Amino acid sequence: HAQLTVQLPPGEAERFEAALRDDFDNVAKALSGVDARNAQASNLPDQQMIRAAVEASVGFGALNKVVMGLLNEWLAGRGNVALARMAPAERAASPLVEQLSALLRRQGKLEQAAMLSKEALDSRRAALGFEHPESHAAAVNHVVLLMEQGQLDEASRLMAEVLAAGKAAAAQQGG
């Protein structure tokens, strides 16, 4: 079983958390570019030996898959910590809730993803009203998660609400 430990100096840890709150998608994108082939060692013969050992055993493709899985687990954990530290009003308006939900969904953690997706939907409804396009987008995201969890009745009910709200908005706009 592989384990990943990321140690950031205190000042960097605070800046990293701020980056998660403010720009989670770009942080995730930057981490997704990690490639073990580009790892360096201070001693060139050691680096060559390590690379040869990786190629002779699992290969860099498999190693990168493990590393990316561990990095995404770590990122989800850091995202949850950042959310937990937010004041309720800040959390309600934060895009991190939806972005973390999407990451958890990609990791197959549908129950956790759905909880955050529901939180995002409730926040959008409370702040903007259900007729707002952002509320519709949050609802559709939640519908997809409900469907993936096999909660088809709940997904169908929510989608019917979205469609009815969309029809009402179109009628008000003369469409």
Subject >> P(r) histogram, all alpha-carbon pairs of the chain included - 10 Å bins from 0, percent >> reply: 9, 28, 28, 19, 10, 5, 1, 0
Original post:
For Lys109, which lysines qualify as cross-link partners when the Cα separation must be under 30 Å and same-chain residues fewer than eight apart are set aside?
Top reply: Lys29, Lys65, Lys118
Subject >> Gain in span if fully extended, Glu161 to Ala13, counting 0.36 nm per residue against the direct Cα distance >> reply: 49.1 nm
**OP:** Using per-residue counts of other Cβ atoms within 10 Å, averaged over each peptide, order 63-70, 95-102 from highest down.
**Re:** 95-102, 63-70
Original post:
Ignoring ligands, DNA and RNA, what percent of the 1.4 Å accessible area of region 20-167 is carbon and sulfur?
Top reply: 57 percent
Original post:
In region 84-175, with Lys and Arg counted as +1 and Asp and Glu as -1 at Cβ, which of these residues, Pro95, Gly129, Ala155, has the Cα nearest the positive end of the dipole, that is, farthest along it?
Top reply: Pro95
Original post:
Extent of region 7-96 along each principal axis, from alpha carbon coordinates, in Å, largest to smallest?
Top reply: 53, 25, 17
Original post:
What would the Debye formula give as log10 I(q)/I(0) at q = 0.16, 0.29, 0.35 Å⁻¹ for the alpha-carbon point model of region 1-40, no solvent?
Top reply: -0.55, -1.03, -1.04
Original post:
Which of the peptides 78-88, 104-114, 42-52 is most tightly packed, and how do the rest follow, judged by the mean count of other Cβ atoms within 10 Å per residue?
Top reply: 104-114, 78-88, 42-52
Subject >> Cβ-placed point charges (K, R +1; D, E -1), dipole of the chain about Cα centre in debye, nearest 20 >> reply: 160 debye
**OP:** With label points built 7 Å along Cα→Cβ from the Cα atoms of Met147 and Leu128, find their separation and express it in nm.
**Re:** 2.1 nm
Subject >> Dipole of region 1-104, positive end: most advanced residue of Val67, Val34, Pro9 [Cβ charges, Cα centre] >> reply: Val67
Original post:
With every protein chain left in place, what is the accessible area of Asp25 in Å² (1.4 Å probe, nearest 10)?
Top reply: 90 Å²
**OP:** Using only Cα atoms, find the angle between the long axis of helix 133-148 and the longest principal axis of the chain, and express it within 0 to 90 degrees, rounded to the nearest 10.
**Re:** 70 degrees
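The values are calculated or read from the model by the stated rules, or taken from the named source; none is laboratory data. Given the structure is predicted, the values throughout are model-derived calculations rather than measurements. Cβ coordinates were reconstructed from backbone atoms using ideal geometry, including for glycine residues, and neighbour counts include every protein chain displayed. Side chains included, ligands, DNA and RNA excluded: accessible areas come from the protein's heavy atoms. Shrake-Rupley method; radii C 1.70, N 1.55, O 1.52, S 1.80 Å.
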